[in-house]
């Protein structure tokens, strides 16, 4: 292999790496845009972003109308005791209800109240529209980062 061939191979490798970095950076940028949208939408609907994620986990993670604290901790990627606090605060706000399992009192099922369902429905419609908008932007490269 000549020195010139070696330099070209190195340039191609660096070019591929640069493209990979650019793709990863764009993906992270778009992901952050969506997360920021989601956080702001939750607040406008009167809940915290964490409460929105809790409502979504209850409604969608297990395929049932309820979820256990352990299932929600896994869904939220949080510690069990942190999720217990989140559930307690959401229950005080009338978003969720808790019910102990009849056979094993250590197991607590969490379900949405009608208020929680209404807020989640509102937020889900907003998110679905934002995803539609972002998909259109991806196809038209409308999500270029702001320079300056």
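A short reminder: the numbers here are calculations on the coordinates, not readings from a lab. All values derive from a computational prediction rather than experimental measurement. All Cβ positions, even for glycine, are placed from backbone atoms using ideal geometry, and neighbour counts span all protein chains on display.
Overview of results
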{"quantity": "Cα-projected label distance for residue 133 with residue 91, points at 7 Å along beta-carbon direction, nm", "calculated": "3.7"}
{"quantity": "Between helix 80-92 and the chain: long-axis angle, C-alpha atoms, 0 to 90°, nearest 10", "calculated": "60"}
{"quantity": "Whether segment 3-140 is rounded, prolate or oblate, judged on the alpha carbon gyration tensor where a/c under 1.5 counts as rounded", "calculated": "prolate"}
{"quantity": "Helix-only CD estimate at 222 nm, as mean residue ellipticity for the chain, using -39500 (n - 2.57) per DSSP H run (n ≥ 4)", "calculated": "-24000 deg cm²/dmol"}
{"quantity": "Contact order relative to length of segment 3-140, as percent, for alpha carbon pairs under 8 angstrom and 6 or more apart", "calculated": "20"}
{"quantity": "Most fluctuating residue given options 82, 70, 124, as computed from a GNM of the chain linking Cα atoms under 10 Å", "calculated": "82"}
{"quantity": "Gain in span if fully extended, residue 7 to residue 29, counting 0.36 nm per residue against the direct Cα distance", "calculated": "4.7 nm"}
{"quantity": "Cα shape, segment 49-88, gyration tensor, a/c 1.5 rule", "calculated": "prolate"}
